[in-house]
Amino acid sequence: MRRQRVHGLKGWLLLALLAAAFLRLHRLPDAPPGLTHDEADHGLTAWEIVQGERAIYFTIGYGREPLFDYATAGMMALIGPTVLAGRLTSVYASLLLLAAMAAWARLAFGARTAVLTAAGLAVSFWPLMTGRQMLRSTLLPTLFVFSLLFFWRALIQNPKSKIQNSLLAGLFLGLTFYVYIPARALWLALLVPAGWVAWRQRERARRQARRVGWITAVTLATAGLTAWPLFRYLARNPGVEARVTELSSPLRTAMAGDWRPLWTNVAGSLRLFFIEGDSAWRYNIPGRPWLPPLWALLFVAGLGAAVWLICRARQSPGQSAAALTALAWLGLGLSPALVTGPELATTQAIGMQPVLYLFPALALAGLGKLAIGDWRLGRFSIIVALFLFGGTAVFAFRDYFVTWANAPEVRVQYETAMMTAMAYLNEQGTGAAAISTITPAPEHTPALALLTLRNEAVTPRYFDGRGSLLLPDAPESVVIVPRFTPLALAYFWETAVLFDVLPMRPTDADRPLQVFQVNQAAMIDDWRTKLIAVEPATLGGAATLLGFSLSSGAGKPILVVTWWRIERPLPNAQLFIHLQGAGGPPIAQDDRLDVPGAGWLPGDQFLQLHTITLPPDTPMGLYPLAVGLCQQTAAGCVRLAAADGREFLTLTIVSTP
């Protein structure tokens with residue numbers, strides 16, 4: 001009978017794994033409906049790793065731990081730089097999490113609790129959401145649960161292979177630091193069972209206490225050695241973790257005596273469980289809590305069951321240690337959200353995701369035990385569990401694939417307009433193409449194109465039409481302009497011919513997505529009539545100034561348009577316009593470049609709009625208006641000079657009233 005029950009529980013666990021696999025793989029290329037900038041950054045970095053990049057920390061964006069990117073790079077080495085490669089990395093991490101959590105819960109609380117925990121992770125909305133995102137946070141709970149599993153085997157199960165399990169626990173724990181910042185709090189959860197077991201055995205032989213001590217020491221020492229290269233790098237480069245500085249602001253404010261921001265975040269985060277969830281469409285249906293009402297009741301009952309197990313330490317020392325560990329894990333996993341607040345907590349608090357579904361499982365397992373010996377009650381409990389998990393799966397499917405994935409705000413956040421543009425270029429594009437986007441920098445829309453643009457006949461380049469125009473170096477080219485980058489320089493765009501509007505949904509905020517045909521010769525002839533030509537001057541061998549235009553009115557800013565021809569790529573380029581004072585600092589300036597230099601292609605030409613606002617107290621006089629080009633470095637923006645040594649190219653003299 002016992003063997004039949006064990007096989008039955010394995011069958012239910014397999015069913016949970018199959019349900020999880022289906023929910024995570026269903027329509028994987030289409031939902032989410034595109035890529036966020038963070039996901040595109042991961043794809044870009046992973047492909048750079050495939051091509052030979054090796055770093056222990058990536059400074060892209062706010063700074064990022066590297067392990068998820070290396071895992072994604074392994075997938076890309078097999079199937080290429082695609083969105084699917086990154087999403088599959090997260091799917092596999094999510095499925096491994098489910099299996100590892102079931103393994104630990106079985107050791108800690110028994111097979112029934114393990115199956116119920118796995119089922120909750122398999123069919124609930126939050127794990128479904130994170131299991132399909134191409135984000136490094138997905139990997140954190142997986143590695144931590146593996147660390148806890150091996151630590152538990154060494155500490156509680158007391159196998160012959162204690163050293164091997166301790167080393168594996170330390171290895172996985174150390175790897176968590178290479179994934180996501182919350183790992184720096186989560187590791188403390190391992191000290192709880194160690195301290196509990198040591199305290200429970202204080203009256204026993206010293207040999208038992210020493211065993212707990214060296215298992216913990218081996219685990220932490222291995223974790224420290226594993227993570228040491230990363231922390232050495234961070235110690236030597238203290239400025240790279242901009243995100244840590246930003247997110248820790250409430251703590252610094254509290255230490256300065258103002259506790260209000262921190263208490264506001266704590267109060268908001270405690271509502272995440274079953275009152276009001278993350279408000280960001282990017283990772284949640286705004287306001288949707290982690291647990292629906294019935295799950296919330298079971299969660300509270302599970303908390304009570306955990307406290308009861310702790311109180312019964314003499315009768316069940318292993319389960320009391322597990323219950324205390326689970327409570328500590330819950331608190332430590334939630335702690336980042338307590339500091340930063342409820343917004344984006346679905347990623348900030350992901351370390352506690354597995355244990356969140358353990359507590360309802362404890363409550364359900366307790367109800368199941370009451371049914372043992374009464375076949376009618378036992379059958380009823382199975383039917384209730386099937387309805388609970390089946391209903392949860394149905395609602396999660398609806399909420400994710402129908403409600404969330406089709407929401408207009410989600411389609412904006414996941415760059416559906418740019419995905420549509422890339423699909424068009426894949427099908428019909430050829431030769432030179434320019435794409436207007438609010439994020440033309442290499443780590444944003446170009447990174448998205450790396451994962452989605454498969455047509456090798458297309459040579460793309462990127463600009464922000466709200467402040468610039470880009471003319472590819474080709475007799476005929478295609479320029480794609482979405483609604484969210486209205487052309488500020490439309491006056492210089494009159495020769496472009498609108499010949500297609502790409503299909504998007506009526507509810508899409510980014511429509512229309514317009515496709516223009518541009519004739520290079522006609523566009524240049526038009527620019528020559530509207531811009532003042534200058535003697536060409538090349539700055540740093542990177543860009544040549546060809547002309548400009550100037551417009552202003554009484555009491556209005558001075559609008560300057562400069563005309564450039566690209567000679568070579570210039571990463572981190574910056575254009576600046578100065579209204580120069582009499583031998584002193586400029587009295588007004590505008591530093592702006594909406595055609596990122598890293599993506600410059602020789603021969604392309606572009607116009608850049610600058611806005612000069614005069615201070616109210618500007619004295620009447622004549623002031624030179626000069627333009628320059630510099631390259632951002634760690635030491636500042638290094639100015640590039642022309643062949644004659646000039647760092648400023650004077651456009652004209654401006655008379656102020």
Study note, to complete from the structure: Contact list, first residue from the stretch 159-180 and basic (Lys, Arg), second anywhere and assigned to a helix (DSSP H, G or I), beta-carbon distance below 7 Å, six or more apart or interchain, is LYS162/ALA154; LYS162/ILE215
Exercise for review: Could you give me the residue pairs with C-beta distances under 8 Å whose first residue belongs to the stretch 245-274 and is closer than 21 Å to TRP290 by Cα, whose second residue is assigned to a helix (DSSP H, G or I) and small (Gly, Ala, Ser) wherever it lies, and which are 6+ apart or on separate chains?
Suggested key: ASN265/ALA337; SER269/ALA337; SER269/ALA345; LEU272/ALA337; LEU272/ALA345; PHE273/ALA296; PHE274/ALA296
Exercise for review: Starting from residues that are over 20 Å from LEU291 (Cβ atoms) and hydrophobic (A, V, I, L, M, F, W, C), keep the ones in the stretch 108-122 and report whichever is modelled with the highest pLDDT.
Suggested key: ALA108
Practice item. Go through the stretch 83-130 and give me each residue that's surrounded by fewer than 24 Cβ atoms within 10 Å (Cβ to Cβ) and not in a helix (DSSP H, G or I). Key: GLY110
Check your understanding: In the stretch 139-157, how many are closer than 14 Å to MET101 by Cβ and among the polar types (S, T, N, Q)?
Key -> 2
Exercise for review: Could you please find all residues in the stretch 57-70 being at pLDDT below 95 and hydrophobic (A, V, I, L, M, F, W, C)?
Suggested key: PHE58, ILE60
Practice item. Give me a count of the residues in the stretch 440-454 that are in contact with an Asp or Glu (Cβ under 8 Å, 6 or more places away or on another chain) and surrounded by fewer than 22 Cβ atoms within 10 Å (Cβ to Cβ). Key: 1
Review point. If you scan the stretch 478-504, which residues turn out to be part of a loop (DSSP other than H, G, I, E, B) and surrounded by 14 or more Cβ atoms within 10 Å (Cβ to Cβ)?
Key: ARG483, PHE484, THR485, LEU487, ALA488, LEU489, THR495, ALA496, MET504
Exercise for review: Residue by residue through the stretch 609-630, note down the ones that are at pLDDT 85 or above and hydrophobic (A, V, I, L, M, F, W, C).
Suggested key: LEU609, ILE612, LEU625, ALA626, VAL627, LEU629, CYS630
Revision key, fill the gap. Taking the stretch 249-274 and keeping residues of a type outside the set (Lys, Arg), surrounded by 13 or more Cβ atoms within 10 Å (Cβ to Cβ) and outside any helix (DSSP H, G or I) leaves TRP259, LEU272, PHE273, PHE274
Check your understanding: Which one is farthest from the chain's Cα centre (by Cα), of the residues in the stretch 51-70 that are part of a helix (DSSP H, G or I) and either of a type outside the set (A, V, I, L, M, F, W, C) or within 16 Å of LEU451 (Cβ to Cβ) (or both)?
Key -> TYR70
Practice item. Answer yes if at least one residue in the stretch 143-156 is small (Gly, Ala, Ser), assigned by TED's automatic domain parsing to the domain that holds PRO286 and at pLDDT 95 or above, and no otherwise. Key: yes
Exercise for review: Would you point out which residue out of VAL394, VAL402, VAL478, VAL412 is closer than 23 Å to PRO512 by Cα, free of Cβ contacts under 8 Å to residues at least 60 places away in the same chain and not charged (D, E, K, R)?
Suggested key: VAL478
Exercise for review: Would you check if THR346 is at pLDDT 90 or above and touching an Asp or Glu at 6+ places or on another chain (Cβ under 6 Å)?
Suggested key: yes
Point to revise | Selected residue (only one of ALA488, ALA543 is touching a residue at least 60 places away in the same chain (Cβ under 8 Å), in the same structural domain as PRO442 (by TED's automatic domain parsing) and closer than 15 Å to VAL595 by Cβ) | key: ALA488
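The values are calculated or read from the model by the stated rules, or taken from the named source; none is laboratory data. For clarity, every value in this text was computed on a predicted model and none was experimentally measured. Cβ atoms come from the backbone with ideal geometry, glycine included; neighbour counts cover every protein chain shown.
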